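Have a look at the structure below before the remarks.
The values are calculated or read from the model by the stated rules, or taken from the named source; none is laboratory data. Fair warning: this is a prediction, and the values are worked out from it, not measured in the lab. Because the Cβ atoms are built from the backbone with ideal geometry, glycine has one as well, and the counts that use them run over all protein chains shown. For the accessible areas, the whole protein counts, side chains as well, though only heavy atoms, and no ligand, DNA or RNA atoms are used. Shrake-Rupley method; radii C 1.70, N 1.55, O 1.52, S 1.80 Å.
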Amino acid sequence: MNILLLVALALLVLHFGVPLIYYVYAKTRWLKREWNIRMNESYRPRISIIIPTFNEEEYIEKKLDNLLEQEYPLDLIEVLIVDDGSKDKTLAIVKEWMKKHPELNVKLIISESRKGKMKSIFDALKYVSGELVVITDADAMLGKNAILNTVKYFADPSVGVLTASLKYYAGKLVKYENVYRDYYNVIRIAESKVHSTPIHSGVYQVVRRDILEKVPREPYIEDCFIASYIAFSGYRAIQVDDVWSYEPMRGSTIRTKIRRAQFNISTFLNTKKITERTNTYKQSPFDYIWKIEWYLYIINPWLLVLGTTLLVMTLTQGFMISGFLLILGLILLVSKTFRTWILQQIFLIVAMLKNLQSIETMWKK
Ligand code: GDP
Ligand code: MN
């Protein structure tokens, strides 16, 4: 057999095998573990909810109505809407809603010009008084018990940051997205049981305020950086299975996914260095999870590209088996799971190449 062909096979076996084995291992060994967190069901901290907004006229009213339905004492909740000078009806809708609902403490902070999502959030921290800060997107709807189910984890001081499990609720690609979500939700929750997961979603992310204030304001700061930085600092950064957030797919799905992948990649390339620089790094079981995820995000996508390229090369040298495998790959694309996986690998590759230029901190809205 040809050496190129052998290399191609080895790369492809690794590419598909490593994540598959990791998934099965996480699901059978880790997912059933105890949390090892001292929860307290009657813990009732004060909560500050930050909603960054830019042109959210379609969702902001639904979002506020959704918060009003939370099964948590309203007098322990304050809401800060940090708007970057929306050009649509967002501000008018919020003001109207505030008049109608004095029972919820809502503050509106308006910036003259656009600063971007993360900068708005961090600038708003000075107005925040709760022990826990909830960061949540205007278009994300929460289960009624989201906050109630969240707080018990924070009764244990080892928990620094928590994110919800996610589902998409609208849009043309919903079916695909939920295939991918189920796969990732299992891995993220399993990793969280061991210690922490590096991948969090800003759709709903809850952070202890004093810890959030110490997170360095890096240019590519995002949900995953916040989670990973906090996990490296020795606190738990968890995704839990009893807090759910529902998000619509809107705008260009491909652009959104590439943008999010770019942030994930920056997080993997930079966070560890930063925790060492700021002297906050602490050894923990998170180190192993980090190494595996690092491999899955940074290295593994390239094995697919290389393996496929080598297959095509050996095909031109007349190896039947290469042709067979390439055709098998094409046929497997009928499967939604397989297609979603391949697309995700392509997004990661494109994101890595785009990161060589710049990251979008302010996107078209
Ligand atoms: P995606 O879900 O990653 O596609 O991002 P979205 O466009 O849904 O934005 C997530 C949240 O950030 C929403 O609540 C937006 O209104 C808000 N947002 C997006 N861009 C900005 C911005 O430049 N400034 C502020 N303050 N909020 C923003
Ligand atoms: Mn969104």
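Values for this structure:
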{"quantity": "Search result, residues across region 210-256 that are in contact with a Lys or Arg (Cβ under 6 Å, 6 or more places away or on another chain), closer than 26 Å to ILE346 by Cα and at pLDDT 95 or above", "calculated": "GLN239"}
{"quantity": "Meets criteria (touching a residue at least 60 places away in the same chain (Cβ under 8 Å) and either more than 11 Å from ligand 1 (Cβ to nearest atom) or more than 26 Å from ASN145 (Cα to Cα) (or both)) for GLU213", "calculated": "yes"}
{"quantity": "Number of the condition not met by LEU330 [criteria: (1) more than 20 Å from the chain's Cα centre (by Cα); (2) open to solvent by less than 20 Å² (accessible area, probe 1.4 Å)]", "calculated": "(2)"}
{"quantity": "Breaking point among (1) at pLDDT 90 or above; (2) touching a helix residue (DSSP H, G or I) at 6+ places or on another chain (Cβ under 9 Å), for PHE154", "calculated": "(2)"}
{"quantity": "Positions within region 279-325 being surrounded by fewer than 14 Cβ atoms within 10 Å (Cβ to Cβ) and farther than 14 Å from ALA231 by Cβ, in sequence order", "calculated": "ASN279, ILE299, THR309, VAL312, THR316, GLN317, GLY318, MET320, PHE324"}
{"quantity": "Single unsatisfied condition, VAL128 versus (1) of a type in the set (Val, Ile, Thr); (2) farther than 21 Å from GLU247 by Cα; (3) within 16 Å of ligand 2 (Cβ to nearest atom)", "calculated": "(3)"}
{"quantity": "Helices (runs of 4 or more DSSP H) lying entirely in region 193-278 (those with 3 or more residues that are of a type in the set (Val, Ile, Thr) and open to solvent by less than 10 Å² (accessible area, probe 1.4 Å))", "calculated": "253-277"}
{"quantity": "Hits in region 112-141 (condition: open to solvent by 50 Å² or more (accessible area, probe 1.4 Å), in a loop (DSSP other than H, G, I, E, B) and within 15 Å of ligand 1 (Cβ to nearest atom))", "calculated": "GLU112, SER113, ARG114, LYS115"}
{"quantity": "Inter-residue pairs, beta-carbon under 7 Å, first closer than 13 Å to LEU6 by Cα and in region 302-328, second open to solvent by 60 Å² or more (accessible area, probe 1.4 Å), 6+ apart", "calculated": "LEU310/VAL7; SER322/LEU315"}
{"quantity": "Restricting region 142-158 to residues that are in a helix (DSSP H, G or I) and among the hydroxyl-bearing types (Ser, Thr, Tyr), the residue that is nearest to ligand 2 (Cβ to nearest atom)", "calculated": "THR150"}
{"quantity": "Of the criteria (1) farther than 25 Å from ARG44 by Cβ; (2) free of Cβ contacts under 8 Å to residues at least 60 places away in the same chain, which one PHE122 fails", "calculated": "(2)"}
{"quantity": "Residues of region 48-84 classified as surrounded by fewer than 15 Cβ atoms within 10 Å (Cβ to Cβ) and within 13 Å of ligand 1 (Cβ to nearest atom), total", "calculated": "1"}
{"quantity": "Unmet requirement for TYR72, which otherwise passes all of (1) closer than 30 Å to GLU222 by Cβ; (2) touching a Ser or Thr at 6+ places or on another chain (Cβ under 7 Å)", "calculated": "(2)"}
{"quantity": "Residue among PHE263, PHE268 that alone is within 16 Å of ligand 1 (Cβ to nearest atom), within 16 Å of the chain's Cα centre (by Cα) and aromatic (Phe, Trp, Tyr)", "calculated": "PHE263"}
{"quantity": "Enumeration of residues in region 1-27 that are within 25 Å of the chain's Cα centre (by Cα) and open to solvent by less than 80 Å² (accessible area, probe 1.4 Å)", "calculated": "HIS15, PHE16, GLY17, VAL18, PRO19, TYR22, TYR23, VAL24, ALA26"}
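Per-residue answers, yes or no, for (1) at positive phi; (2) surrounded by fewer than 20 Cβ atoms within 10 Å (Cβ to Cβ); (3) within 16 Å of ligand 1 (Cβ to nearest atom):
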site: SER86; (1), (2), (3): no, no, yes
site: ALA92; (1), (2), (3): no, yes, yes
site: TRP97; (1), (2), (3): no, yes, yes
site: LYS100; (1), (2), (3): no, yes, no
site: LEU104; (1), (2), (3): no, yes, no
site: LYS107; (1), (2), (3): no, yes, yes
site: ILE110; (1), (2), (3): no, yes, yes
site: GLY143; (1), (2), (3): no, no, no
site: ASN149; (1), (2), (3): no, no, no
